[in-house]
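Following: one structure in structure tokens, then a few remarks.
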Amino acid sequence: MSEREVNMRVWRGDANGGNFEKYSLASQEGEVVLDVIHRIQATQAPDLACRWNCKAGKCGSCSAEINGKPSLMCMTRMDELPEGDVVVAPMKTFPILRDLVTDVSFNYEVAKRVPAFQPPPPPEDGYRMQQVDIQRGQEFRKCIECFLCQDVCHVIRDHEENKPAYAGPRFFIRYAELEMHPLDTNDRREFVRQKAGLGMCNITKCCTEVCPEHIKITDNAIIPLKERVVDAAYDPIAWLGRKVRQKRKLTPEEAVGTVSHDVATDPDS
Amino acid sequence: MPEYESHEYDVIIIGAGGAGLRAAIEAHGKGLRTALVCKSLLGKAHTVMAEGGAAAALGNVWPEDNWKVHFRDTMRGGKTVNNWRMAQLHAQEAPDRIYELEAWGALFDRTADGRILQRDFGGHRYARLAHVGDRTGLELIRTLQQRAVSLGIDVFMECKILKLLKDSDGQVSAAVGYWRPTGEFIVFTAKAFVLATGSIGRSWKYTSNSWESTGDGHAMALWAGADLIDMEFVQFHPTGMVWPLSVRGLLVTEGVRGDGGVLRNSDGKRFMFDYIPEMFAAETADSEAEGDRWYEDHTNNRRPPELLPRDEVARSINSEVKAGRGSPHGGVFLDIASRRSPEYIRRRLPSMYHQFMELAGVDITTEPMEVGPTCHYVMGGIRVDAESAATTAPGLFAAGEVAAGLHGANRLGGNSLSDLLVFGRRAGLGASEYAEGRTGTPSVDNSEVDSVIEGALAPLGRDGGESPYDLQNDLQETMQSLVGIIRTESELTAADEALGELDERAANLSVSGATPYNPGWNLATDLPSMLAVSRLVTGGAIQRKESRGGHTRDDFPGPDPEMGKVNFVQRYLDTGGIEIEPTTRPEMPEELAELLKEGN
């Protein structure tokens, strides 16, 4: 164990405001930022709020802004940060609950609006899909829902007013995944264009840069999705093709209808 | 009196990992008003950490595989103290549950002919685990989560349940808890409750479990009068990270060994060949050459000993380290770098590659990993009916890790994810049927609610008491050092005494701050469960005077056939103590017993 000290400046406060508080403690070999936060809780500030679960970069709970960069606290090693104070702040795009914990319910609301996956009935000997055809979808399904891409996306980071009409990078990869899923029959392209605000994204790639799963959000999901949506909206031949195809994809209204059909079986609704 | 909000449902499911989500989907599908209540955000439960895969005899890679072989493997892995009916249902129904996930959007890795690919794992005769690289749990939870969301099931996130309450007929009727973000209290009344709260690992110092695994469901069932069983059987996964210290205990998937990785000691020797137990000798390779050939040809070769069940491998690692042949940081070496190409390793084990690269600075495609046992899973838990997942407390059901029976004394890797699906669904059905048959409106005694809330708030109003973090630390030290992988009478008795002292200290906790998102207070409310399950594990471990599966006694090193006939049941007495008694299992039908005979 080294005798070196680490100096942390951690944002403390709630919806009414707050400030950075300084904590100094002895450094320990191989620690990540989350370890230091836990040691601060155990020894200096028992009520310091942060989210975490797996501590292995697999659950996406401990998202924060470390020295200004949206990162997972559990995957940021202290010895890889520059000398000097380490500044830990909550994600800026979401409302503060307390200290490092933000209200990320925006993301869960957007998730509810995704028209459901809809496969054809399985053939007798089960679905067949080739590995090569699902590879891209699997890349998007690596998403751990840390919401760092949502946090860094300036469409909503700097413009609260865009939130109601914008799904954000996390959900663009979800739409891209469904769009590329070999079994899905639900056509969400008009929905994505009109209701998810895909056009507002101007592909600055900030989301790709912060993704802890190294998903190529912009290149592999958003750009292809934009191309497909544009094709769907403005290509008359593709439009005609869809109209005459026997197993046609659903229109956005029908796609939404699919969801409400499912919900309609819920006695709550 | 403190205020609280109230909600009324048909079925309340506590816990939103794989089992809870699957139960909710089923109950909702039966037309019942269903809600999920979970301690973290939706999709963050410990299921997300499962890596290797879900075991199901699909027969896609080895057509010879079928439910009977899966049943046999599960029972042998569990040292035959399993609930055989659960093991049978599990093996029979797992394939349907996997295909169902596919119909809900899951993208499993594929075989060359486009079917679900299956991988080798310890204790499974055939490659049986449906998987997605080494992030199968994420795929499973996300698929179920997206399904549940599309169905419109109500979810109460970051909501901790403290206690279950019964009505005057003794039926479980209410659950009292609080919202973590606001600290405000909440009461659910329902006709049936399902516990799907997962594990207990946080009572140990080195564990693969997240902060949530505090045994809440085990403790709440105990307090509600339900039977618990097999609590002495705790699985120490053989391969946890050992360095850096901050990640000690973090899981390293068994898939590393399934995909060709081997264990070596400080002399570079594959020591597992020295630890092949008699029970598995007939099906385990006795030379490195045979073990290596097995990966390509299962029919004419026997499996390498690195793929023995987890209890065997964990004990062997422990022995090597004790004998002074460990790695620099007190583990052994797990080597896949010298055996597989970097491309293969990165493709098959992407998240292990990143985990070691980013947290330990180790490139697993060129260097061995250092690994050692970590507290991973509890085979014991709430005693349930195999068909309906009903506990012995009326109105209360349980599924997943919190329930017991399927895995016996030791769980095979891959059987947990399939367990969640098979028995999550059965718990959802069982709870639905119970709710439909229940007459009257579930009632709750307000004074009982008040007393739960007052108990939870007590540490906030107390000055000069103990820090919950200190108490947690001492509990973890106690369980790690006295009720770990190798146990002995004197240490277990010492643990029991220490737990008594910790209980007393727990009555005198002080917490600063207020209730909204206060981790110190949250921990104070988790500690009663952590202490209760620690008591149950220690109590069971004292009674079982033999070594079997996830319970190894230094003073009783071998299995005892008489002990093998019983399971230890524990239940809460009204006087406050815990009663523990052996119970014999119903006899296995001849056709199942036949499957366990040598040669099968």
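The values are calculated or read from the model by the stated rules, or taken from the named source; none is laboratory data. Just so it is clear, the model here is predicted, and its values are computed rather than measured. Ideal geometry is used to build each Cβ from the backbone, glycine not excepted, and the neighbour counts take in all protein chains shown. These area figures cover heavy atoms from the full protein model, side chains too; ligands, DNA and RNA do not enter into them. Shrake-Rupley method; radii C 1.70, N 1.55, O 1.52, S 1.80 Å.
Which whole-number percent is the relative contact order of the stretch B:44-108 (Cα, under 8 Å, 6+ apart)?
Working: 36 pairs, mean separation 20.4, N = 65.
Once divided by the residue count of the stretch B:44-108, the mean separation gives 31 percent.
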Simple SL model, points at 7 angstrom along Cα→Cβ for A:Gln135 and B:Asn66; separation in nm is 3.7
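I'm checking a number: the convex hull volume of the Cα atoms of the stretch B:145-195, normalised per residue, in Å³. What is it?
On the way: hull volume 4.8 nm³, N = 51.
Cα-based convex hull of the stretch B:145-195, divided per residue, equals 94 Å³.
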Quick one: grab Rg to one decimal and Dmax as a whole number for the stretch A:105-205, Cα atoms only, in Å.
15.0, 51
Throw me the Rg/Rh for chain B, computed over C-alpha atoms with Kirkwood Rh, two decimals.
0.95
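So what's the net charge close to B:Val422: Lys and Arg +1, Asp and Glu -1, counting the other residues with Cβ under 10 Å from its Cβ?
Numbers: positive: B:Arg22, B:Arg97, B:Arg425, B:Arg426; negative: B:Glu93, B:Asp96, B:Asp419.
That works out to +1.
In the structure displayed, which of A:Lys55/B:Lys166; A:Lys142/A:Lys226; A:Lys112/B:Lys30 lie more than 32 Å apart, Cα to Cα? Intermediate results must be reported in sequence, preceding the final value.
Working: A:Lys55/B:Lys166 37 Å; A:Lys142/A:Lys226 21 Å; A:Lys112/B:Lys30 21 Å.
Where the Cα-Cα span goes over 32 Å, the pairs concerned are A:Lys55/B:Lys166.
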Can you tell me what the convex hull of the Cα atoms of the stretch A:5-102 projects to on average, as an area in nm²?
5.8
Label point 7 Å out from B:Thr439 along Cα-to-Cβ: which residues of the stretch B:161-200 have amide N under 15 Å?
B:169
Tell me the relative contact order for the stretch A:106-246 as a rounded percent, counting alpha carbon contacts under 8 Å between residues six or more apart.
28
Mean residue ellipticity at 222 nm from the helices of the protein assembly as shown, using -39,500 (n - 2.57) per DSSP H segment of n ≥ 4 over the full residue count, to the nearest 500 deg cm²/dmol?
-11000 deg cm²/dmol
Can you give the alpha-carbon Rg of the stretch B:360-420 over 2.2 N^0.38 Å, where N counts its residues?
1.63
Radius of gyration and Dmax for the stretch B:456-561's Cα atoms, expressed in Å?
16.4, 54
Spin-label model distance (nm) - B:Leu245 vs A:Ala26, 7 Å beyond Cα toward Cβ:
0.8
If B:Asp259, B:Asp503, A:Asp125 are ordered by their accessible area, calculated over protein heavy atoms with a 1.4 Å probe, which sequence runs from highest to lowest?
A:Asp125, B:Asp503, B:Asp259
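Round to the nearest 0.05 the FRET efficiency obtained for B:Asp574 and B:Thr111 when R0 = 56 Å and r is the Cβ-Cβ distance.
Values: r = 57 Å, r/R0 = 1.01.
The calculated FRET efficiency here is 0.50.
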Taking N as its residue count, the alpha carbon Rg of the protein assembly as shown over 2.2 N^0.38 Å
0.90
Please list, in order, the residues from the stretch B:375-390 whose amide nitrogen is less than 11 Å from a point placed 7 Å along the Cα→Cβ vector of B:Thr583.
B:382-386
Compute the distance in nm between two label points, each set 7 Å from the Cα along the Cα-to-Cβ direction, one at B:Met357 and one at A:Glu109.
3.8
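Just add up the charged neighbours of A:Lys92: K/R +1, D/E -1, any other residue whose Cβ is under 13 Å from the Cβ of A:Lys92.
Working: positive: A:Lys69, A:Arg157; negative: A:Glu65, A:Asp103, A:Asp151, A:Asp158, A:Glu160.
Neighbour charge sum, excluding A:Lys92 itself: -3.
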Please report, to two decimal places, log10 I(q)/I(0) for the stretch B:306-464 at q = 0.13 Å⁻¹ as given by the Debye formula with identical point scatterers on the Cα atoms and no solvent.
-0.89
With every protein chain in place, what's the accessible area of B:Tyr434 (1.4 Å probe, Å², nearest 10)?
60
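Could you tell me the calculated FRET efficiency between B:Arg462 and A:Glu161, based on Cβ-Cβ distance and R0 = 45 angstrom, to the nearest 0.05? Numbers along the way, then the final one.
Values: r = 46 Å, r/R0 = 1.03.
Working from the Cβ atoms, E equals 0.45.
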Gain upon complete extension [B:Glu8, B:Arg339; 0.36 nm per residue less C-alpha separation]:
113.4 nm
GluC sites (Glu not before Pro) lying in DSSP loop within the stretch A:1-107, provided at most 10 other Cβ fall within 10 Å
A:Glu3, A:Glu83
With an 8 Å Cα cut-off and a minimum separation of 6 or more residues, compute the relative contact order for the stretch A:5-102 in percent.
34
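Please report, to one decimal in angstroms, the Kirkwood hydrodynamic radius of the stretch B:241-326 built from all distinct Cα-Cα pairs. Mind showing how you got there, number by number?
Values: mean 1/r = 0.0728 Å⁻¹.
In the stretch B:241-326 this quantity evaluates to 13.7 Å.
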